[in-house]
Each structure stands twice: as structure tokens, then as C-alpha cells.
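Chemist: This is the structure I have questions about; it appears just below.
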Amino acid sequence: MSHFLEPLKAVTHNLPGVVRQPLIALISKECYTSLVWNLDLADTQCLKYSASKVLGIGLVAGGGIVKLPQIYKIINSKSVRGVSLTSYLLDTASQLIAVAYNIRLHFPFNTYGESAFLTIQNVLIILLIFAYSHSSGKTSKALTFIAITGASTQALLSEDFTPISVLRSMLTLSIPLSLSSKIPQIATIASSGTTGQLSAFTVFSSLLGTLARVFTTATETGDRTLWWSFVLASVLNGVIALQMMWYWKTPETPAAAKVQEKIQEAKRLAQPVPANPIQGTIPVGATPVKPVHAGNGVPRSVARSAPRSASRSYTRKVD
């Protein structure tokens, strides 16, 4: 085995600084020496640590775009059907607590960075839900949500307002909060029999992300509270992923289809109907009746209403 690695060592011993320095910063000097310089692939501790670092960077990068397809799908369809507002509100609250906890304990950014990006994307989706919902007071609800989110973030990051012991307790409580955020989404899909505007890319990426976090959290932080939160989140994300596959090509349920028919009918009736120049204005919702012609292109209704004297004026007496 060693004679196969000798040519590779000639390469790893002469890596340029632009490659060497970022690797050292990422996996530490000790693991760089063991894995890259010496090519010691039996060093399982450094292998796990380095894999966790690389995976963490990938998760942070993926977290910045994971919900963009969901945002695009909502904007493109101008519909939030199948997207649970309760689910996103609960998930945003739990993500905020987790991000604040990691920041306050100075954990590496690659262990929680995607949570920060997911929180921002959650906020955007919630604002879109308010914008495309049919409820009243959409603007005031959106402004209230923004104000509460900003104040909560500031309070969680403040040592004077939220001591670390309290924040740790909140993180423990956020586990059922995070898990409960998945329940409304699961229930929404199950009751409607369709995934609606839910993005498959977002669903499966979330599942892979939480599974990967189970590994990186155990490797880099050792925090059991965070670890269990990712384990349980993976289970519920897996349920949503299974629903996505189950309802992949399933048409809407009769109830959902009926609702959509009523919406389309309401839009049709709301459109103005042009007036008929002969028969007058047709009532909204009425079906226009095509006039029956009596001959020579004259509608029968006009022919019947014409004065009898008019028809006689065109009659020539025959002797």
C-alpha cells in the first residue's frame, strides 16, 4: 500500500500556499499533517473531523439556497396552497433559539450557519403567505411579525436580557417546538391529499440536511441537546418526504378540487359581460342566447317588433 502512496506524497508535499493554507484553516494543522502530508488514512479521528468540516461547509452553502425553490414556486403560482403558516412560524422560532444558542457559545459557524440562512428564508416565506392569503389585515399581520421577530432576536442575543442558562433551557424546550412545527405540515398534506405548492427540492434537502447535522453535531460540538433535536427532526422530515413521494402524482381530492372550481367560478362571474347591442345588457352570470334570424340577416326578434305598416309599404299591388 505504501508504494502506491509515495507518488501521491510527492504531490501533497508540494501543494501551493493557496491550497495548503485554507486546508490547514479548515481541518487544523494536526489533521492536515496526518491526512494530507503523511496520507495516514488510518487516522479515523481526523477523518471524521475533516469529513464533518467539509460536510458542514456544504450544509451552510446549501442552507443559503435550500428554500429558494419554495419561494420561487409560491411567487410563480401566486398561491400558498399546501404550505402551512403554523409550521413555518414554529420552525422560525426554534431556528432563532438554536442560532442564538450557537452564537452565544461560540460554536464554529459551519455547525449552525445553515440555520441562520433557513431563518431568513422562513421569514420570507411567512411574508409571502401573508401576501397571498385571502385573510384581511395582511399588511398589519406582516408588520407585527417583523417587529416580533426583530425584538426576539435582539433579546436572545443579549446576555443581560437572556442569561445563557435560560437560553439553554429554551433550547431544550425548542426541541418539541421544532418537532411540532412539522406536524401542521404533515396534517395539511394528509387532509388535502396533495402537496400543493410544497417544493420537493426543499423537502428532500431538509431531510438530508438534518441527517448530516446529526453527524456534524456529534463530531464537533458533542452537545446532546442539539444532537437529539436533529435526530428527531430527521424523523419528521422523513415523514414529509414519504408524503411527497406518496402524493407525487396524486390528483387533488374531490374536496380540494371543488374549492378550486368555486374559486374559478367566482373569478368568471367577477368579469364584466359585454352588452348585446340588440337585446340589451345581459345580467351577470346569465348565458348569452344567440339570436335566431328570420331571414335576410334580420333577427327574428326585430322582425316581429317591426310595424306592420312598414312591411306594407314595400308591397306592390298586383292586378
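The values are calculated or read from the model by the stated rules, or taken from the named source; none is laboratory data. Owing to the predicted nature of the structure, the values given are computational and were not obtained by experimental measurement. Glycine gets a Cβ as well: all are built from the backbone with ideal geometry, and neighbour counts include every protein chain shown. Side chains are part of the model used for accessible areas, which takes the heavy atoms of the whole protein and leaves out ligands, DNA and RNA. Shrake-Rupley method; radii C 1.70, N 1.55, O 1.52, S 1.80 Å.
Chemist: ³J(HN,Hα) across segment 233-243 via Karplus (A = 6.51, B = -1.76, C = 1.60, θ = phi - 60°), whole Hz, x for Gly/Pro?
Modeler: Taking θ as phi minus 60°, the curve returns 5, 5, 4, 6, 4, x, 5, 5, 5, 5, 4 Hz for segment 233-243.
Chemist: Run the count for segment 1-122, please: Lys pairs, Cα-Cα under 20 angstrom, 8 or more apart or on different chains.
Modeler: 4
Chemist: So, one more: Stretch VAL239-ALA42 to full length: gain in nm at 0.36 nm per residue minus the Cα-Cα span?
Modeler: 67.2 nm
Chemist: Could you give the distance between the Cα centres of segment 20-36 and segment 63-101, to the whole Å?
Modeler: Taking the Cα centre of each part, segment 20-36 and segment 63-101 sit 36 Å apart.
Chemist: Now, a different point. Could you give me the ³J(HN,Hα) list for segment 94-104, computed from phi with Karplus coefficients 6.51, -1.76, 1.60 and θ = phi - 60°, whole Hz, x at Gly and Pro?
Modeler: 5, 5, 4, 4, 5, 5, 4, 4, 5, 5, 5
Chemist: Please compute the net charge surrounding ILE97, taking Lys and Arg as +1 and Asp and Glu as -1 over other residues with Cβ under 13 Å from its Cβ.
Modeler: Residues near ILE97 contribute +1 overall.
Chemist: Pull out the extension gain between PHE204 and SER140, defined as 0.36 nm times the separation in residues minus the alpha carbon to alpha carbon distance; nm, one decimal.
Modeler: 19.7 nm
Chemist: Using a 1.4 Å probe, how large is the accessible area of SER135, given in Å² and rounded to the nearest 10?
Modeler: For SER135, solvent-accessible area is about 50 Å².
Chemist: Continuing with the same structure: Gap in Å between the Cα centre of segment 106-126 and the Cα centre of segment 200-227?
Modeler: Cα centroid of segment 200-227 versus Cα centroid of segment 106-126: 13 Å apart.
Chemist: With a sphere of radius 15 Å drawn around the Cβ of SER115, what net charge do the other residues whose Cβ falls strictly inside it have (Lys, Arg +1; Asp, Glu -1)?
Modeler: Net charge around SER115: -1.
Chemist: Now for a different question. Using 0.36 nm times the number of residues separating GLU159 and SER180, minus their current alpha carbon distance, what extension gain do you get?
Modeler: Using 0.36 nm per residue and subtracting the Cα-Cα distance, I get 4.8 nm.
Chemist: By the scheme Lys and Arg +1, Asp and Glu -1, what is the net charge of all other residues having a beta-carbon under 13 Å from that of ASP223?
Modeler: Local net charge: +3.
Chemist: Label segment 1-125 by shape, choosing from rounded, prolate and oblate, from the square roots a ≥ b ≥ c of the eigenvalues of the Cα gyration tensor; if a/c is under 1.5 it is rounded, and otherwise prolate applies when a/b is larger than b/c, oblate when it is not.
Modeler: Here segment 1-125 falls in the prolate category.
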